[in-house]
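To start, the structure under review is shown below, and the notes come after it.
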Amino acid sequence: MATTYTAVLPRPAGVPAPLLVRIVVMREDGKPLSREELEALVVAYPPHTEDARGTVERAIARAPSKPVGKAPAKPKATSTKPGKPATKRAAAKRP
């Protein structure tokens, strides 16, 4: 699963030629990017080569379809065994 998305950006005027400008995107929680997140990043920052596009398409195909977060709470199982009877409390003593 992809934990980062990297794209090469056009070099702005004034930036020396040997420098490569990239953007790196990752989730704050460090979890893998979802399919929807990767698709949005491809629209905003398209891959610069066919090779990069193929890598991104494979990452999108493997990515989960929803953002990774906490798993939904599982319902508590109920027992079919009869439970213990409730304990009786001693009556409170009055002064």
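The values are calculated or read from the model by the stated rules, or taken from the named source; none is laboratory data. Please read all numbers here as calculations on a predicted model, not as lab measurements. With ideal geometry, Cβ positions are generated from the backbone for all residues, glycine too; neighbour counts draw on all protein chains shown.
Points to keep in mind about this one:
So that you can scan it fast, the table gives a plain yes or no per residue for (1) assigned to a loop (DSSP other than H, G, I, E, B); (2) at pLDDT 90 or above; (3) of a type in the set (S, T, N, Q):
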residue: VAL56; (1), (2), (3): no, no, no
residue: PRO64; (1), (2), (3): yes, no, no
residue: THR78; (1), (2), (3): yes, no, yes
residue: THR87; (1), (2), (3): yes, no, yes
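- Positions within segment 5-25 being over 20 Å from ALA40 (Cβ atoms) and either in a strand (DSSP E or B) or among the basic types (Lys, Arg) (or both), in sequence order: ARG11, VAL21
- Scanning segment 1-28 for residues that are exposed (fewer than 14 other Cβ atoms within 10 Å of the Cβ) and either free of Cβ contacts under 8 Å to residues at least 12 places away in the same chain or small (Gly, Ala, Ser) (or both) yields a count of 11.
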